[in-house]
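Structure record follows, encoded as structure tokens.
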Amino acid sequence: MIEGSTGSGVSGKLRYGMVGGGPGAFIGDVHRKSIALDGMADIAAGCFSRSYENTLATGDGLGIARDRLYKTFDEMAEAESKRADKIDFVVIVTPNVSHFSAARAFLSGGIPVVCDKPLCFEEAEARELADLAKKNKLLFGVTYTYTGFPAVKHAREMIRRGEIGDIVYVAGEYPQDWLITPQEKEGSKQAEWRTDPKLAGKSNCVGDIGSHVENMISYVTGLKIKSICARLDKIGPGRVLDDNATIMVEYTNGAKGVYWSSQIAMGYDNGLQFRVFGTRGGIEWRVEDPNYLKVSLLGKPRAVLSRGRDGFYPRAQSLSRIPSGHPEGYFEAMANIYKTYIGALLKQKTGQALTEEDLDFPDVENGVEGVKFIGKCVESSQKGAVWVDF
Ligand SMILES: NC(=O)c1ccc[n+]([C@@H]2O[C@H](COP(=O)([O-])OP(=O)(O)OC[C@H]3O[C@@H](n4cnc5c(N)ncnc54)[C@H](O)[C@@H]3O)[C@@H](O)[C@H]2O)c1
């Protein structure tokens with residue numbers, strides 16, 4: 001198949017603001033470029049850094065009017081919520097420590113929020129955000145980026161249709177190797193805050209990447225965790241937070257699973273992958289080769305499905321943008337989350353009812369589950385790697 005994708009399907013254009021994503025930041029620019037892919041929203045306001053000078057530098061570079069560049073996110077939330085041409089949503093891409101207070105400030109001002117993961121430090125805070133969003137009828141996205149890949153959505157649909165039978169075992173892993181050296185002492189800003197409990201929260205490795213495994217497995221399989229047993233290791237010298245984690249999981253349907261996340265696994269750049277085993281088949285996907293899905297069905301030859309060529313189910317197909325063999329990647333996956341989220345905001349603005357497909361983006365309830373997962377892993381590990389109820 002050689003056609004490209006067909007636009008967003010909804011009309012209109014929104015304005016958004018950003019908190020975080022200043023000079024040298026990682027994910028803020030990924031969000032901006034991903035949002036720009038579909039042309040459904042333009043950036044109009046920002047507080048990109050705790051340094052106003054840095055906010056001005058980033059804002060000027062993006063062509064944002066100076067009166068919409070703010071010294072703090074509190075000031076931004078207050079000023080934007082009072083404007084006639086206020087932002088339609090805000091994107092929060094600061095280190096974890098400010099997610100809760102920033103998200104609460106914008107929700108309280110009636111502004112929808114997209115926040116990066118993990119949603120915040122404590123489950124009670126996450127619950128407060130979810131309740132506030134619900135009370136104020138505000139859509140709230142949490143950017144678990146990897147669920148935006150078409151092949152992931154196809155895997156999910158295959159499982160929902162029962163094509164691999166009942167799930168009996170799941171293996172999810174996310175190995176990286178960037179923290180095998182003490183980057184936090186060698187000038188890496190990203191490593192500095194991730195290894196500092198005051199800025200990252202109670203976990204580094206599980207919070208940063210184990211949370212992606214939890215969300216991915218939950219999204220693809222629909223399984224609910226019943227109990228977990230986790231051992232969090234601090235392998236890098238002097239580390240106070242985990243940089244490697246081994247987690248066993250039991251689900252409410254009786255299936256079992258194992259999650260491994262690591263930042264000290266030499267040879268792995270960003271090795272997120274899942275394997276799901278059912279009574280009639282198995283499915284396997286990895287983010288470093290994201291356009292392909294390995295499928296083994298009982299009595300059939302093993303197959304490698306190719307995005308764009310092998311007829312994914314409609315929802316997955318609708319998010320495939322270019323012909324097969326032309327690799328899509330991280331930006332497109334993030335863009336798919338935004339395309340859905342912004343599409344839902346646009347529909348909501350015109351009073352239309354939102355369907356399950358309109359709401360197929362990771363949301364604040366997924367964020368709450370993620371924060372709960374991190375807390376339970378830490379609790380289990382601190383008690384000596386014992387089983388704890390979820
Ligand atoms: N979804 C994903 O795949 C993914 C990938 C990477 C990071 N993340 C998440 O994104 C968030 C940011 O991570 P990063 O690696 O981009 O961090 P980073 O350190 O590269 O960037 C953080 C930015 O936030 C700014 N900032 C800090 N405090 C601020 C405040 N109070 N107000 C305004 N700006 C402030 C910093 O100046 C910097 O520009 C983290 O929560 C992380 O877990 C998600």
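Numerical summary
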read-out	value
Scope region 179-231; condition in a helix (DSSP H, G or I), of a type in the set (Val, Ile, Thr) and out of contact with any strand residue (DSSP E or B) (no Cβ under 6 Å at 6 or more places or on another chain); matching residues	ILE180, VAL220
Candidate set from region 15-39 (those that are more than 9 Å from the ligand (Cβ to nearest atom), open to solvent by 10 Å² or more (accessible area, probe 1.4 Å) and outside any helix (DSSP H, G or I)); member that is nearest to ILE111 (Cα to Cα)	ARG15
Inter-residue pairs, beta-carbon under 7 Å, first of a type in the set (Ser, Thr, Tyr) and in region 196-223, second open to solvent by less than 10 Å² (accessible area, probe 1.4 Å), 6+ apart	SER203/ASP242; SER203/CYS377; SER211/PRO118; SER211/GLY370; SER211/PHE373; TYR219/THR147; THR221/VAL170; THR221/VAL276
Boolean, SER227 is within 17 Å of GLY384 (Cα to Cα) and either in contact (Cβ under 8 Å) with a residue 40 or more places away in the chain or buried (at least 16 other Cβ atoms within 10 Å of the Cβ) (or both)	yes
For ALA124: the one exception among (1) within 16 Å of the ligand (Cβ to nearest atom); (2) open to solvent by 20 Å² or more (accessible area, probe 1.4 Å); (3) more than 26 Å from ALA25 (Cβ to Cβ)	(1)
Selection from region 50-66 of residues that are part of a loop (DSSP other than H, G, I, E, B) and open to solvent by 30 Å² or more (accessible area, probe 1.4 Å)	ARG50, SER51, LEU62, GLY63, ALA65
Pairs, first within 21 Å of ILE322 (Cα to Cα) and at pLDDT 95 or above in region 146-168, second in a loop (DSSP other than H, G, I, E, B) and within 16 Å of the ligand (Cβ to nearest atom), C-beta under 7 Å, six or more apart	TYR146/LEU272; TYR146/VAL287; THR147/PRO362; PHE149/PRO290; ALA151/PRO290
Condition met for PRO301 (without any contact (Cβ under 8 Å) to a residue 12 or more places away in the chain and more than 19 Å from GLU157 (Cα to Cα))	yes
So LEU305, is it out of contact with any helix residue (DSSP H, G or I) (no Cβ under 8 Å at 6 or more places or on another chain), open to solvent by 10 Å² or more (accessible area, probe 1.4 Å), among the aliphatic types (A, V, I, L, M) and not in a loop (DSSP other than H, G, I, E, B)	no
So ARG68, is it more than 13 Å from the ligand (Cβ to nearest atom) and within 24 Å of the chain's Cα centre (by Cα)	no
Identity of the residue in region 178-212, among the charged types (D, E, K, R) and touching a Lys or Arg at 6+ places or on another chain (Cβ under 8 Å), that ends up nearest to the ligand (Cβ to nearest atom)	ASP208
Filter pass, LEU56 being of a type outside the set (Gly, Ala, Ser), modelled with pLDDT of 95 or more, farther than 27 Å from THR145 by Cβ and more than 10 Å from the ligand (Cβ to nearest atom)	yes
Enumeration of residues in region 278-298 that are touching a residue at least 24 places away in the same chain (Cβ under 8 Å), open to solvent by less than 50 Å² (accessible area, probe 1.4 Å) and over 23 Å from ILE337 (Cβ atoms)	GLY278, GLY281, GLY282, VAL295, LEU297
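The values are calculated or read from the model by the stated rules, or taken from the named source; none is laboratory data. Being a predicted model, the structure only gives us computed values, none of them experimental. When we count neighbours, we look across all protein chains shown, and the Cβ atoms used for this are built from the backbone with ideal geometry, even at glycine. Only protein heavy atoms, including side chains, enter the accessible area calculation; ligands, DNA and RNA are left aside. Shrake-Rupley method; radii C 1.70, N 1.55, O 1.52, S 1.80 Å.
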